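Trainee: Quick one: the structure is below, and I'll ask about it shortly.
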Amino acid sequence: MNERYHFYRCTDPKNAPPYSFIDYANGLVGYPNKLAQAVSNYAGAYYLGFMTEKEVLNRPKSGRRPAKLNKKKTSKY
């Protein structure tokens, strides 16, 4: 299957509208049309891009890390 979908990482798929593709292990939901912002917010989904199933499953993992705390002193006193 080389169909392209608008993919979202979805934290709560049961709140999402009916979808064309879902991968429960990765929390991915795919739609032929892009969701309205209010709908994606309600479903806890953030947009990943318009791609094929193979592309989305093979995309590099991008972890979210907290910012590092800078412990360098800025003054002598």
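The values are calculated or read from the model by the stated rules, or taken from the named source; none is laboratory data. Please read all numbers here as calculations on a predicted model, not as lab measurements. Every residue, glycine among them, receives a Cβ derived from its backbone with ideal geometry; neighbour counts consider all protein chains shown. Accessible surface areas use protein heavy atoms only, side chains included; no ligands, DNA or RNA. Shrake-Rupley method; radii C 1.70, N 1.55, O 1.52, S 1.80 Å.
Trainee: Considering the range 22-65 alone, what residues qualify as being loosely packed, with under 13 Cβ neighbours inside 10 Å, of a type in the set (Gly, Ala, Ser) and modelled with pLDDT of 85 or more?
Mentor: Ala36, Ala38, Gly49
Trainee: Find all pairs meeting these conditions: Cβ atoms under 7 angstrom apart; at least six residues apart or on different chains; first residue within the range 38-62 and without any contact (Cβ under 8 Å) to a residue 60 or more places away in the chain; second residue assigned to a helix (DSSP H, G or I) and among the aliphatic types (A, V, I, L, M).
Mentor: Listed pairs, sorted by first residue: Leu48/Val56.
Trainee: How many residues are modelled with pLDDT of 85 or more and open to solvent by 30 Å² or more (accessible area, probe 1.4 Å) if we restrict to the range 7-18?
Mentor: Residues in the range 7-18 being modelled with pLDDT of 85 or more and open to solvent by 30 Å² or more (accessible area, probe 1.4 Å): 3 in total.
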